Amino acid sequence: MSRRSGILEFAVLGLLRESPMHGYELRKRLNTSLGVFRAFSYGTLYPCLKTLVANGWLIEEPGSAPEDALAASLAGRRAKIVYRLTAEGKEHFEELLSHTGPDAWEDEHFAARFAFFGQTEREVRMRVLEGRRSRLEERLEKMRASLARTRERLDDYTLELQRHGMESVEREVRWLNELIESERAGRDQRRSDPGGPARDDITSGETDGLPRHRDDTGPDPSDDTVK
């Protein structure tokens, strides 16, 4: 499995943990909630869905809304497929959420992991954030060393571009420092409250880890149907 397909499977399982969706709605959520997937296509999503179904992590169900079924019938099409997370799929997603290895610190994977921090235990969040910070600090050190070696040979525009890149990494490191301090403050507060929960309460509020977006658009004519 490629790294990018693994990230996509993780994101699909996470979104379907919130609620069942059909393919068009799922693609919209991937585009709007997870910017890393803005460029991917239906040709990427549907093989991923089929793989997850084959693994027993998702099931396919016909759309249940009567108006959808009637519209599909009048148009000569079959009803939409709705994808639902199975108990095995939920267990697999929770296992993926607990992973804190180097892949979780890389650019694309970190963005997907961070989008589901609301469903992730505090200690895991801390390890991912600290790993990401360490990775960026290493990157920043290499960028500074490279700039010091090549500064005299660079024209003004190339030099400015490299400075811009360094500033972007420095901003993310500062942001990570703030997040880590916030996580530590929350952990320390929990430890000082003996009457509080023994285990971190995985955020189960209104967003369930991702912002919810109002869907005011109509169905896509190329939406998934039972083949």
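Summary of computed values
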| quantity | calculated |
| --- | --- |
| GLU178 vs. criteria open to solvent by 70 Å² or more (accessible area, probe 1.4 Å) and modelled with pLDDT of 95 or more | yes |
| Selection from the stretch 36-59 of residues that are in contact with a helix residue (DSSP H, G or I) (Cβ under 6 Å, 6 or more places away or on another chain), modelled with pLDDT of 90 or more and not in a helix (DSSP H, G or I) | GLY56, TRP57, LEU58 |
| Some residue of the stretch 115-132 being out of contact with any Lys or Arg (no Cβ under 7 Å at 6 or more places or on another chain), open to solvent by 80 Å² or more (accessible area, probe 1.4 Å), modelled with pLDDT under 90 and in a helix (DSSP H, G or I) | no |
| Single residue of the stretch 7-31 satisfying the filter (touching a residue at least 60 places away in the same chain (Cβ under 8 Å) and of a type in the set (Asp, Glu)) that is most open to solvent (accessible area, probe 1.4 Å) | GLU25 |
| Top-ranked residue of the stretch 10-35 - restricted to ones that are within 14 Å of ARG84 (Cβ to Cβ) and charged (D, E, K, R), ranked as modelled with the highest pLDDT | ARG17 |
| The lone exception for LEU147 - which of (1) of a type in the set (A, V, I, L, M, F, W, C); (2) under 30 Å from GLY6 (Cβ atoms); (3) at pLDDT 90 or above it fails | (2) |
| Check on TYR157, part of a strand (DSSP E or B) and either out of contact with any helix residue (DSSP H, G or I) (no Cβ under 9 Å at 6 or more places or on another chain) or of a type outside the set (Gly, Ala, Ser) (or both) | no |
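The values are calculated or read from the model by the stated rules, or taken from the named source; none is laboratory data. Computed from a predicted structure; not experimentally measured. Every residue, glycine as well, gets a Cβ built from its backbone with ideal geometry; the counts of neighbours run over all protein chains shown. Keep in mind that these areas ignore ligands, DNA and RNA; they rest on the heavy atoms of the full protein, side chains included. Shrake-Rupley method; radii C 1.70, N 1.55, O 1.52, S 1.80 Å.
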